[in-house]
Amino acid sequence: MSGVVLETECPDLKLLARGKVRDIYHVEEGKLLFVATDRLSAFDVVMENGIPGKGKILTQLSLFWFDLLKDVMPNHLINANFDEMPANVQKYRGQLEGRSMLVNSLTIYPIEAIVRGYIAGSGWKEYQTSGTVCSIPLPEGLLESDKLPSPLFTPSTKAEIGDHDENISPAKAAEIIGAEAASTMEKLALAVYSKARDYALTKGIIIADTKFEFGKDAAGTMILADEVLTPDSSRFWPVESYQAGKGQDSFDKQYVRDFLLSIGFDKSASQSVTLPEEVVKATLGKYIEAFTLLTGHAPSL
């Protein structure tokens, strides 16, 4: 396995943005390069050290899902075969190969499209207080990690690095992006989630919740963008140990979250920390396990 890649440097490409995980470059008119680094964020804070190979796992898993879900809605992928990338990309093979996607440039909507099939995390906290999730009333008596009567579209704002995403109601989403776009986003997000959920169950994984990013092309068509259904953007639970009424084992960043909580991490301060080697290894192991269960083979690292 190659070393950890926390940041890419490609002087001949125009860097457009460094997100919590991704570096995004302009390649040519209408085309961008999405690069998944090995950075890891938890509680909306980017950690000092990363998870070696994580970006390659995220990229390969997103490619798997884009292919599986292409009949539900279009996605932004053009190509991920590095030998077929433009010459100005191929010159940075050592940094970029295996963790890059050439994609169509889109106008990205300013909200996250979150779908919850089970009640956990911030949704569970809100429900305990008000009986709602994102202001959507739910039945009384639900337990932590319970399956919801039907999946919910529960959008959020998209925070800048150092800030925190904020859950909003579907009505608020309609105010931000317009009623028609919000309605289309809800229908598509629920459709994508439902197909992925049903597939994952056959592989022994519950997709408790996930977040999608949508954009629109020049024709106004809504397009699935960014990463999709990875351990970074989803809660994956093993079917075999699932039991409502408590928190679940997971295939995501739970080792990281648990470590941060154990050291009294101040989520409001947005101060980065260095993760211990055992937390890094355990987290990587979970990412690899989830990938292997879902795809039927190990990731290429």
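The values are calculated or read from the model by the stated rules, or taken from the named source; none is laboratory data. Keep in mind that what you see is a predicted model, and the values were worked out from it rather than measured. Here the Cβ positions follow ideal geometry from the backbone for every residue, glycine too, while neighbour counts run over all protein chains shown. Just so you know, the surface numbers come from the protein's heavy atoms only, side chains and all, with ligands and any DNA or RNA stripped out. Shrake-Rupley method; radii C 1.70, N 1.55, O 1.52, S 1.80 Å.
For the chain, the relative contact order comes to 21 percent (Cα pairs under 8 Å, sequence separation of at least 6). Say the cut-off is 30 Å between C-alpha atoms; which of LYS203/LYS281; LYS246/LYS267; LYS31/LYS267; LYS20/LYS286; LYS172/LYS216; LYS31/LYS125 go over it? Violating the 30 Å Cα-Cα cut-off are LYS31/LYS267; LYS31/LYS125. For segment 1-98, the residue among PHE82, PRO11, ALA36 whose Cα projects farthest onto the positive side of the dipole built from Cβ charges is ALA36.
Using the Kyte-Doolittle scale, find the helices of the chain whose mean hydropathy is at least -0.5 and whose Cα atoms extend 20 Å or more along the helix's long axis, counting only whole DSSP H runs. Helices meeting the criterion: 54-68, 179-202, 277-295.
What distance in nm lies between label points placed 7 Å from Cα along the C-beta direction at ARG93 and GLU48? Taking the simple label geometry, ARG93 and GLU48 are separated by 3.6 nm. Counting only protein heavy atoms and a probe of 1.4 Å, the accessible surface of the chain is 50% carbon and sulfur.
Each 5 Å bin from 0 upward holds the following percent of the Cα-Cα pairs of segment 102-254: 2, 9, 18, 22, 21, 16, 8, 4, 1, 0. Straight-line reach from LYS91: taking Cα to Cα under 12 Å and skipping same-chain neighbours fewer than 8 places apart, the aspartates and glutamates in range are GLU9, ASP12, ASP83. Taken over segment 2-94, the ratio of Cα radius of gyration to 2.2 N^0.38 Å equals 1.13.
Can you bin segment 175-274 into rounded, prolate or oblate? Criterion: square roots of the alpha carbon gyration tensor eigenvalues sorted a ≥ b ≥ c, rounded for a/c under 1.5, prolate for a/b above b/c, oblate for the rest.
Details: a/c = 2.55, a/b = 1.38, b/c = 1.85.
Since a/c reaches 1.5 but b/c is at least a/b, the shape of segment 175-274 is classed as oblate.
For segment 80-173, what does the alpha-carbon gyration tensor say about shape, rounded, prolate or oblate, given a ≥ b ≥ c as the root eigenvalues, a/c under 1.5 as rounded, and a/b over b/c as prolate? It comes out prolate by the Cα gyration axes.
If the viscosity is 1.567 mPa s and the temperature 4 °C, what Stokes-Einstein diffusion coefficient in µm²/s follows for the chain when Rh is the Kirkwood radius over Cα pairs? List each step's numbers first, then the result.
Numbers: Rh = 19.8 Å.
Calculated translational D: 65 µm²/s.
Per the helix-only calculation at 222 nm, which mean residue ellipticity applies to the chain, given -39500 (n - 2.57) for every DSSP H run of n ≥ 4 and division by its residues, nearest 500 deg cm²/dmol? Spell out each step's value before the answer.
Details: 8 runs with 93 residues, N = 301.
Computed ellipticity for the chain at 222 nm equals -9500 deg cm²/dmol.
Taking DSSP loops as anything outside H, G, I, E and B, show the longest stretch in the chain free of GluC sites (Glu not before Pro) there with at most 10 other beta carbons within 10 Å. Before the final figure, lay out each step's value.
Numbers: sites that count: GLU9, GLU29, GLU140, GLU160.
After excluding every exposed loop site, the longest remaining stretch is 161-301.
Taking a point 7 Å out from the Cα of LYS14 in the direction of its Cβ, the residues of segment 96-118 whose backbone N falls within less than 15 Å of it are 105-106.
Among GLY121, ILE108, THR154, pick out the residue whose Cα is farthest towards the positive end of the charge dipole of segment 81-195, where Lys and Arg carry +1 and Asp and Glu carry -1 on C-beta, about the Cα centre. The residue sitting farthest along the positive end of the dipole is ILE108.
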